Amino acid sequence: MAVELNHVIVHARDNRVSAEFLAGLLGLEVGGEWGPFVAVVLGNGVTLDFASVPAEGITAQHYAFLVSEEEFDAAYARITRRGVEHYADPRRQRPGTINRNDGGRGVYFMDPAGHAMELITVPYGGRPS
């Protein structure tokens, strides 16, 4: 069996709010609660398990999602329609736009807990030849 990532625990101020925020932008469904977790299952089977923790216990992380061109279009439309602040770069110097790195498109935005979220249509370094 190949080694695969199964799940990641994502700290949040409110697990349901953060899960619904991300799932809503990505067009995914929010799973039920399991113990302290609210799950969002990604297309490759990896689960983001959102857990409520005190705000001082949250260390901001970066999560990058590889999406198709069509998924990017739909997610970006939701981002702009909902008025989510977004940037072309991780340092948030180019607001309100996207990047075209590596021959694809990308965008950064913050989730309700302060995690940096990124959508990309091409992996860093471009697609293998």
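If each residue of separation counts as 0.36 nm, what is the full-extension length gain between E29 and A77 once their alpha-carbon separation is subtracted?
15.5 nm
Which percent of Cα pairs goes in each bin when the distances of region 43-106 are cut into 5 angstrom slices starting at zero?
For region 43-106, the binned pair fractions read 3, 12, 19, 22, 19, 16, 6, 1 percent.
So, with a 1.4 angstrom probe, what is the percent of accessible area on the chain that is carbon and sulfur?
52 percent
Using just the helices of the chain, give the 222 nm mean residue ellipticity in deg cm²/dmol: DSSP H runs with n ≥ 4 each add -39,500 (n - 2.57), and the total is spread over all residues, rounded to 500.
The per-residue figure over the chain is -6000 deg cm²/dmol.
Report the calculated FRET efficiency for Q93 and D14 (r = Cβ-Cβ distance, R0 = 22 Å), to the nearest 0.05.
Plugging the Cβ-Cβ distance into 1/(1 + (r/R0)^6) gives 0.15.
Remind me, relative contact order of the chain in percent, using alpha carbon pairs under 8 angstrom and six or more residues apart?
For the chain, the relative contact order is 24 percent.
Among G83, G103, G35, which one shows the biggest mean-square fluctuation in a GNM of the chain, springs joining Cα atoms closer than 10 Å?
G35
Per the Debye formula with a single identical scatterer at each Cα and no solvent contribution, what log10 I(q)/I(0) holds for region 1-50 at q = 0.14, 0.21, 0.22, 0.25 Å⁻¹?
-0.32, -0.67, -0.72, -0.90
What ratio of Cα Rg to 2.2 N^0.38 Å holds for region 77-129?
In units of the globular-protein estimate, region 77-129 measures up at 1.17.
Which one, N44, L26, G103, projects farthest toward the positive side of the charge dipole computed for the chain from Cβ point charges (K/R +1, D/E -1)?
Among N44, L26, G103, the one farthest towards the positive end of the dipole of the chain is G103.
I want the local charge near G24. Using Cβ-Cβ distances under 9 Å, sum +1 for each Lys or Arg and -1 for each Asp or Glu among the other residues.
Around G24, the surrounding residues sum to +1.
Could you report region 1-105's accessible area per residue, 1.4 Å probe, as an integer in Å²?
Value for region 1-105: 63 Å² per residue.
Grab the other residues whose beta carbon is less than 12 angstrom from that of H11, score K and R as +1, D and E as -1, and report the net.
-3
Where does region 23-129 land on the Kirkwood hydrodynamic radius, alpha-carbon pairs, in angstrom?
By the Kirkwood definition, the hydrodynamic radius is 14.9 Å.
The values are calculated or read from the model by the stated rules, or taken from the named source; none is laboratory data. All figures in this text were calculated on a predicted structure; none of them were measured in a lab. Counting neighbours? That spans all protein chains shown, and the Cβs are built from the backbone with ideal geometry, glycine included. Surface areas here come from the heavy atoms of the whole protein model, side chains and all, with no ligands, DNA or RNA. Shrake-Rupley method; radii C 1.70, N 1.55, O 1.52, S 1.80 Å.
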